[in-house]
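Report on one structure; see the data block that follows.
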Amino acid sequence: MILNDNERIDIVPGTNYKIIQNKKRFSYGTDAIFLSHFVKPLGRIIDLGTGTGIIPLRMIDRGNVGEIYGVEIQREVAEMAKRSVDLNNLQDRIKILHMDLKELPEIFPKASFDCVTSNPPYMKSGGAIINLDGNFAISRHEINCNLEDIIRIAQYLLKPQGKFYMVHRPDRLVDILCTMREYKIEPKYIRFVQAKLGKKPNLLLIEGMKGGKAELKFHEPLIVYNKDGSYTEEIHRIYYDSK
């Protein structure tokens, strides 16, 4: 396979699959790895804002997974994700869609997926200084879609009792819970991510169920670093054993 300028091929952590990355563009981060591990994948899955396809590639061989769709609005990024799928001969199992996720109801019937995942932009539009590079701005800020768009489309796509999984920032927790309830996706589990024990959380992982009963539970926090700065044992497991 011929790579474009500034591109490289990396190994998807915890798998034997390869992924194409561009060192000058927005690449996947630890949040995508944590989310893909947090998800209990089942059946037909769709990943909203898939980027270079890291989450589908991490999940495709786990559990009873059928097919996975990855939706990405940025043409260059979606094209990289498609080439990664081709590189791993997964064309029959992973489909990359270059489109605006808000248009998904035009091509999929209501309640057609068992599981929806998303690693969305965290920053409210106007809430922080925006990187002038369009790729970084779209990946980090709510420019092409916002939190409500993600949850509204997830509600449309999910079957009754289908699962919604998302990684986000703790300072958006009230927005997340209120919006999920508004769209009848009941928050079921939350896990906070902390850099070190005793530090404030900087990420949260949340699972919701469409039409679920009201009962929110909290997992033990995920601690990234030991006191000496090395990765914790759980982080090693997350990175090197995607199952």
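The values are calculated or read from the model by the stated rules, or taken from the named source; none is laboratory data. Remember, predicted model here, so these are calculated numbers, not experimental data. Because the Cβ atoms are built from the backbone with ideal geometry, glycine has one as well, and the counts that use them run over all protein chains shown.
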In segment 80-99, residues that are more than 12 Å from Ile68 (Cβ to Cβ), touching an Asp or Glu at 6+ places or on another chain (Cβ under 9 Å) and in a loop (DSSP other than H, G, I, E, B) total 1
Considering every residue within segment 92-99, establish whether at least one is closer than 21 Å to Glu148 by Cβ, surrounded by fewer than 19 Cβ atoms within 10 Å (Cβ to Cβ) and either polar (S, T, N, Q) or over 15 Å from the mean Cα position of the chain (by Cα) (or both). yes
Kindly check whether there is at least one residue in segment 20-37 that is modelled with pLDDT of 95 or more, out of contact with any Ser or Thr (no Cβ under 6 Å at 6 or more places or on another chain) and not in a helix (DSSP H, G or I). no
So is Ile138 more than 23 Å from Pro41 (Cβ to Cβ), more than 17 Å from the chain's Cα centre (by Cα) and either surrounded by fewer than 17 Cβ atoms within 10 Å (Cβ to Cβ) or modelled with pLDDT under 95 (or both) or not? no
Scan of segment 38-58 for residues that are surrounded by 20 or more Cβ atoms within 10 Å (Cβ to Cβ), touching a strand residue (DSSP E or B) at 6+ places or on another chain (Cβ under 9 Å) and not aliphatic (A, V, I, L, M), ordered by number: Phe38, Pro41, Asp47, Gly49, Thr50, Gly51, Thr52, Gly53, Pro56
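Listed here are the residues, each with its yes/no results for (1) at pLDDT 95 or above; (2) surrounded by 16 or more Cβ atoms within 10 Å (Cβ to Cβ); (3) touching a strand residue (DSSP E or B) at 6+ places or on another chain (Cβ under 7 Å); (4) of a type outside the set (S, T, N, Q).
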| site | (1), (2), (3), (4) |
| --- | --- |
| Arg62 | no, yes, no, yes |
| Gly70 | yes, yes, yes, yes |
| Ser84 | yes, yes, yes, no |
| Glu103 | yes, no, no, yes |
| Thr117 | yes, yes, yes, no |
| Ile130 | no, yes, yes, yes |
| Ile143 | no, no, no, yes |
Can you find a residue that is within 20 Å of Ile151 (Cα to Cα) and among the small types (Gly, Ala, Ser) anywhere in segment 67-79? yes
Over segment 159-192, the set of residues under 19 Å from Gly49 (Cβ atoms), within 16 Å of the chain's Cα centre (by Cα) and of a type in the set (A, V, I, L, M) is Met166, Val167, Ile176
Give Ile235, Ile223, Ile150 a once-over and let me know the one that is free of Cβ contacts under 8 Å to residues at least 24 places away in the same chain and crowded, with 19+ Cβ neighbours inside 10 Å. Ile235
